[in-house]
1. For region 9-66, what are the residues that are at pLDDT below 70 and of a type in the set (S, T, Y)?
2. Can you tell me how many residues within region 1-22 are over 14 Å from L42 (Cβ atoms), in contact with a strand residue (DSSP E or B) (Cβ under 9 Å, 6 or more places away or on another chain) and more than 16 Å from the ligand (Cβ to nearest atom)?
Amino acid sequence: MPIYEYQCRSCGRIFEKIQKLNEGEESLTCPYCGGKKPEKVLSGFSSLKGSESASACGSSGGSKRFS
Ligand SMILES: [Zn+2]
């Protein structure tokens, strides 16, 4: 099961929670202060903005046509 990090909106603490399939995020509460609806923190995926999609198909000088 995946483990997500959440940040409490009330006290600002970050805690980890195992995401259960039958348990929505709505029912999550902060273990420190009991604040509801903590914000999900995405850690480890900070570099998802891919930069290698532009130069994939390099067809330079493609103005010639087969005739
Ligand atoms: Zn809290």
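The values are calculated or read from the model by the stated rules, or taken from the named source; none is laboratory data. Since the structure is predicted, the reported quantities are computational estimates derived from the model, not experimental observations. With ideal geometry, Cβ positions are generated from the backbone for all residues, glycine too; neighbour counts draw on all protein chains shown.
1. Of everything in region 9-66, those that are at pLDDT below 70 and of a type in the set (S, T, Y) turn out to be S43, S46, S47, S51, S53, S55, S59, S60, S63.
2. Here the count works out to 2.
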